[in-house]
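Colleague: For reference, the structure I am asking about is given below.
The values are calculated or read from the model by the stated rules, or taken from the named source; none is laboratory data. Every value quoted in this text rests on a predicted model; they were computed, and no experiment measured them. Cβ atoms come from the backbone with ideal geometry, glycine included; neighbour counts cover every protein chain shown. Surface accessibility is based on the protein's heavy atoms, side chains included, excluding ligands, DNA and RNA. Shrake-Rupley method; radii C 1.70, N 1.55, O 1.52, S 1.80 Å.
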Amino acid sequence: MSYKVSIVIEKDDHGYYAYSPELEGCQTQGDTFEDVIANMKEAIELYLETLPEDERKEYLSKEILTTYVEVNVA
């Protein structure tokens, strides 16, 4: 079965860090953006495999939207 899972990716001096707000503790890192995406897909698949079907549906029923706001700082 295929699922869409929200992830957040942050970049710093050491590479990329990613986590899923829907799946507590599901996180990874990578040297490149492509690495962190591949690592995150694997981490999510492994995480979901540990959950019973009803728990998967509960965790993945959340709708997480992201956007940004522009602010002015004096």
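Colleague: Just add up the charged neighbours of residue 28: K/R +1, D/E -1, any other residue whose Cβ is under 10 Å from the Cβ of residue 28. Working shown, then result.
Modeller: Working: positive: 41; negative: 35, 42.
Here the count lands on -1.
Colleague: For the stretch 14-74, what does the accessible surface come to per residue with a 1.4 Å probe? Please give it in Å².
Modeller: On the way: 4880 Å² over 61 residues.
Result: 80 Å² per residue.
Colleague: Where Lys and Arg each count +1 and Asp and Glu each count -1, what net charge lies around residue 7 among other residues with Cβ under 15 Å from its Cβ?
Modeller: Working: positive: 4, 11, 41, 62; negative: 10, 22, 24, 34, 35, 42, 45, 63.
Once positives and negatives cancel, what remains is -4.
Colleague: When the gyration tensor of the chain is built from Cα positions, what are the square roots of 5 times its three eigenvalues, in whole Å, from largest to smallest?
Modeller: On the way: eigenvalues 130, 64, 15 Å².
Whole-Å semi-axes of the equivalent ellipsoid: 26, 18, 9.
Colleague: If you roll a 1.4 Å probe over the chain with all protein chains in place, what percent of the accessible area is carbon or sulfur? List each step's numbers first, then the result.
Modeller: Values: 2970 of 6140 Å².
Taking all protein chains in place, the chain shows 48 percent carbon and sulfur surface.
Colleague: Out of the GluC sites (Glu not before Pro) in the stretch 13-74, which ones are loop residues according to DSSP with at most 13 other C-beta atoms within 10 Å?
Modeller: On the way: sites: 22, 24, 34, 42, 45, 49, 53, 55, 58, 63, 70; in loops: 22, 24, 63, 70.
Of the GluC sites (Glu not before Pro), the ones in loops of the stretch 13-74 whose Cβ has at most 13 other Cβ atoms within 10 Å are 24, 63, 70.
Colleague: Another question, then. Could you tell me which chymotrypsin sites (Phe, Trp or Tyr not before Pro) in the chain are loop residues by DSSP with no more than 16 other beta carbons within 10 angstrom of their beta carbon? Please list the in-between numbers first.
Modeller: Working: sites: 3, 16, 17, 19, 33, 47, 59, 68; in loops: 3, 68.
Sites meeting the loop and neighbour criteria: 3, 68.
Colleague: Which one of 30, 46, 74 is farthest out on the positive end of the charge dipole of the chain, using unit charges on Cβ (Lys, Arg +1; Asp, Glu -1) and the Cα centre as origin?
Modeller: Most positive-ward Cα: 74.
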